[in-house]
1. Considering only residues that are within 12 Å of ligand 2 (Cβ to nearest atom), away from chain B (no Cβ under 14 Å) and either over 25 Å from residue A:86 (Cα atoms) or more than 18 Å from the chain's Cα centre (by Cα) (or both), which ones fall in the stretch A:152-205?
2. Only one of (1) away from ligand 2 (no atom under 16 Å from the Cβ); (2) in a helix (DSSP H, G or I); (3) touching a helix residue (DSSP H, G or I) at 6+ places or on another chain (Cβ under 9 Å) is not met by residue A:144, so which one is it?
3. What residue, of A:22, A:74, is within 8 Å of another protein chain (Cβ to nearest Cβ) and assigned to a helix (DSSP H, G or I)?
4. Would you be able to say whether some residue in the stretch D:39-50 is closer than 30 Å to residue B:341 by Cα, within 9 Å of the chain's Cα centre (by Cα) and surrounded by 24 or more Cβ atoms within 10 Å (Cβ to Cβ)?
5. Restricting to the stretch B:280-301, name every residue that is part of a loop (DSSP other than H, G, I, E, B) and within 17 Å of residue B:334 (Cβ to Cβ).
6. Only one residue in A:224, A:241, A:253 is within 16 Å of ligand 2 (Cβ to nearest atom) and either at negative phi or buried (at least 24 other Cβ atoms within 10 Å of the Cβ) (or both), so which one is that?
7. Residues to consider are C:22, C:109, C:31; find the one that is away from ligand 1 (no atom under 16 Å from the Cβ), under 14 Å from the mean Cα position of the chain (by Cα) and surrounded by 16 or more Cβ atoms within 10 Å (Cβ to Cβ).
8. With respect to residue A:201, determine if the residue is in the same structural domain as residue A:27 (by TED's automatic domain parsing) and surrounded by fewer than 21 Cβ atoms within 10 Å (Cβ to Cβ).
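The values are calculated or read from the model by the stated rules, or taken from the named source; none is laboratory data. Since the model is a prediction, treat every value here as computed from it, not as a measurement. Here the Cβ positions follow ideal geometry from the backbone for every residue, glycine too, while neighbour counts run over all protein chains shown.
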Ligand SMILES: Cc1ncc(COP(=O)(O)O)c(C=O)c1O
Ligand SMILES: Cc1ncc(COP(=O)(O)O)c(C=O)c1O
Ligand code: FES
Ligand code: FES
C-alpha cells in the first residue's frame, strides 16, 4: 500500500512532532518519580505541574482542579462512580442520555446493578437532547447529570451551557464527557457550569493512555484508584510522566491554534460532504447540521453494509470507521444510530469520516472520487438494491 | 550539579534505549486505534498482541491471561476490588499483610468500609510473614489472599510458592503484587499457583503509566473500568499503544537478561552494604539477609533523620529514598518499618538505596566515601548523639 | 484480520449476480441484522450447472458467498448438500471468531436454494428435514470497540 | 521543593552546637515523631548574646533552627519573644505546606529556652503564660508518596 489516507481522527490521532519532542527527555533522562524528593523527582514534579497548569488554562480551570488519569474511560468511570458513591446519602438517581460513550453507559449500567437508578434521555433525529425532558427527569433524588459534550459517532454538540445552568440551579453535580470536544470547541468550565469533565490526550494529538478529569473544588467524590498520595491523594499510581507532559503540550497547542484548526477541518469536512452528497444517491447525512464537531462527517449509504465499505476503502488506503453491527459481531447497529431513529437496515450502511490537522484537500478529493465507485460496486452485489 | 548518581531504581527506572526505540514509531506513524479495522488499527492490534505474548512468556502465562492497565496501582485496585465484588456471595473475608504497598492497603481499607473484613498479617523482624499465621487466618468466608511478592521498601521476598500452595489447597484466590519482583526474581505463575498478579512497566526500564494484571483463566472478577470492549471486554479504554509496546519490550529484555541483571545489581549492592557497614557505627541493615530483592539496600542510621540525609545526598547528586515520617509530613515512619518492629526514632533515620542496571562500581564507591561523612555531619548537629 | 483468501474473494467475488428463471433460489438473513444472502441455482440432471449470489453484508459475508458458489458449482445436489460452514471457513484459510456466523449463513443460503429447488420439483431431500434457516445464525464472538 | 535560603541554612547551618552553662535551654519535639530541637541561650542584661542549637529532624527543621538562632542573636528577650513561625518562614523565602510545622517548632524552641531562663531567674514573662510547647505541633499538609 503506497498512499494511506487517515480519516479516523475521532478514533485517535497521530501525535504531533512538538508533543513527541517535549516528551522525549522524560523517558530516559528526566525520568524521576515525581514523588521522590531528590533532584530527579523534583524535575519530574515540575514537569507535571507545568502540564497541569497548561490543561487548566485550556479549559479555564484552576490548576488544582485538574487530575490526570490513564485515559478518558478511566475519567468517565471515576467521575460517575466516584460522585455516585460519595453522594449516596443524598440520592441514588443519575441522568444521562442514550447516546453516551460506552465508558459512561456501561458505568451507569453497573451502578444500576448496585441500587442506583438511571434515566437515559432520548435524543431527536439530530442527536440533540431536549432541555425540557432533562428538567422533567430531575427528582429530589438526582445527584448527577452526566451528559456528553459532543458525540463521538455523529458529532452532535449538546447545549452544554444550558444544561450546566439547569444543573447548577437545581444543585446537582454536572459531569460532561468532553473527550471529543476538547480541542474542537471552546470550553470554559466556569462559564458552562461544568462540575466534572473527562478528557483524553490521544484525541488531541497527544499520547494514548493519558486522560484528565476536571473536578471543581468542593465536589464530593470517592477515588477509583486507591493507594499512594499522588494527584492530591485522589488518584493513586506513579504518574505517567512523559504522557502527562505530552498531554500538557497537546492541550497548549490545541488551544493556541483552536480557530485555525476548526477552520481547516471544517472546510475540508464541508468539501467532503458536498462531494459525496452530490455524487451518491440514497445517502443520508447524520448528526446535527450546524452544532457538530468541525471534523466529523457521518453518512449512511442505503443497501450496503458498513464493514464491507470500510474494507473496500481500506484496500485503497483510506481509513474510516463505521457504526455497523457486523463489524462488531453483534446484531444491532450502534446505540447512537438507533437513538436518532435510523432504521436498522440503513444504520448498517453507515460510515464516519473524521478529519484532522494533517488532512489535505487532495486526500479529500481522492475520497470523493473513490467512495462513490465503492458504494456502487457494493450495491451491485446487494440483493436490496434494485435499479 | 555535574555528577548525578541514581540509586532509587525501586521508585522508578529510566527507560532503556531499546525500549524507547521500539516505542517511537507508535507515537506518530503507527498510531492507529487497535479497535479500528483499517490498516492503521490492524498494525496497532498486532503490536499489542506481540506485547501481550512477550509479557505472557515472561511469567509463564497464556497470552489471553494478560490484561494491560494504566499502572501497578490500577492493577492492584482492580484485582482486589474486582475479586471482592465478584465473589461476595462466597464470602467477605480478605487476607493481606501489614507491609503491602498503599495501593493494596488503601484498597483493602476502602473495602472494609463496604462490609468486607480484612486480616492484616504480621511480619517478623525481617519482614517475613508466618505461613502458620496465614493458615490460621483462613476462614470459610475467605475469598482472597493478597500478599506482595517482594516489598518495595526493605526488599524482603515472601515464600510465594508456599502461599500459593496453601491458597490453592483451600480454594481461595491468590493475588500477588509483583510490581517490585518482576524482572528481579524468576516468576512462573503456574509453578507458584498465582491466580492474579500485578505488574508495572516503569519498574523494569519500561514506560510509566502502563501496568499489567495477570488473571488466571476462570477467575471470577468484575471490571474496574467499564466501557469499550478492549482487553477482552475487561478493561475499557483506548490502549496505551506505545506504552504497551514498551512494556512488552522491557519484559522481554528483563527476562532475557535476568541472571546477568541479578548478578550485576547484587554484586554492587553487596559492595555498598559492606562499605557502609564497615565505615559507619550505629547503623542497622533492614529486610531479610538472603530473601531480598537483589538491588535493594536498606539502612537505618541512628540519631539522624531520613529527609536531612536524603537532602544532603541530593546536594552531592546522589538520589536515594527514605521511609521517614518527616518526608511525608505525617507523624509515623513508614508502616513497613513499624511492622518489622523498628523503634520510631530509629526508623526515622532510614535510607533506601536501590541499584539498577546502569549503576557502576565507581558510583557505589563514591557513595561509600561520601555517605559516612554526611551521617557524621548530621550526627554532630543531633541532640540525640553523644559521643 | 482477514486472510488473503478472504480479501481476494471480497475484492473479486466470483459468480455475483442473479439467474433469470433460476431452478432454486435461497435467501437467508435479514436487513435488520445487517446481512442478507441470496443464492440462485441452475440445475440440470441433478447437477448445479450455474450459481450466482447477491449479498448485503460484511466483507466476510461477501467472501463466504463467493467461495460457496465456487464450491458447489458443477457439483451434484447430493454433493452440494454436504457443504458445511467449516468447509467454507477452511477454504478461506480461516475466519475471525466473530465472523464464523457468516459462513453459517453461506451454508444456509445454499441449502435454502436447494430446498426451494426440491419444493418446486416435488423432491424430498432427507438431508434438509431438520433444516430451519430462519433460526438465529449469529454466534457472537468478541466485540470490537469503535472508538 | 525548598528555597535556596532553606538549602543554604540546611547545608551551612549557623550556630550549631551547645553552650556550656547556658542561661536557658529549650527542647521541643520528640524522637518518636522524628524531630527534636534543642536551643541554648547565653543572656546578659536581657540581651541574647549567644545562641546555639542542635536539631534532629528534616532539612527544614535544621534550616528553621539555624535561621531562628540568627534572628534572635543580639536581640533583647522582649524582641526574641516576638519571633513568630511566620517570620521564620518568610525569612527562609517560604516553606512547603507540609513543612510549616518545622517553623512552629523553631518558634517553640526559642520560647522554651526563654521560659527556662525565666524560671531559672524567677522572672515572669507574661507573653509565655499561654505557651504549651508539648502540644502536637504537626500540621499535616499534603502527603508525598514514596514509591
Ligand atoms: C510493591 C508496589 N506495588 C504497587 C506499586 C504501584 O505501581 P504504580 O506506581 O505503577 O502504580 C509500586 C510502586 O509504586 C510498588 O512498589
Ligand atoms: C466520547 C468519548 N468518551 C470516552 C472515550 C474514551 O476515551 P479513552 O479511549 O481515552 O479511554 C472516547 C474515545 O474512545 C470518546 O470518544
Ligand atoms: S454478515 Fe454479519 S458479521 Fe458477517
Ligand atoms: S521536623 Fe518533621 S517535617 Fe520537619
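1. First, the residues of the stretch A:152-205 that are within 12 Å of ligand 2 (Cβ to nearest atom): A:152-158, A:175-182, A:184, A:197-204.
Remaining after also requiring away from chain B (no Cβ under 14 Å): A:154-158, A:175-176, A:178, A:181-182, A:184, A:197.
Matches in the stretch A:152-205: A:154, A:155, A:156, A:157, A:158, A:181, A:182, A:184.
2. If we test residue A:144 against (1) away from ligand 2 (no atom under 16 Å from the Cβ); (2) in a helix (DSSP H, G or I); (3) touching a helix residue (DSSP H, G or I) at 6+ places or on another chain (Cβ under 9 Å), just (2) comes out false.
3. Only one candidate passes the filter, namely A:74.
4. Scanning the stretch D:39-50 turns up no residue that is closer than 30 Å to residue B:341 by Cα, within 9 Å of the chain's Cα centre (by Cα) and surrounded by 24 or more Cβ atoms within 10 Å (Cβ to Cβ).
5. Here is the first cut: in the stretch B:280-301, the ones part of a loop (DSSP other than H, G, I, E, B) are B:280-282, B:286-291, B:293-295.
B:286, B:287, B:288, B:293, listed by residue number.
6. Matching residue, one of A:224, A:241, A:253: A:224.
7. Testing whether each residue is away from ligand 1 (no atom under 16 Å from the Cβ), under 14 Å from the mean Cα position of the chain (by Cα) and surrounded by 16 or more Cβ atoms within 10 Å (Cβ to Cβ) leaves just C:109.
8. no
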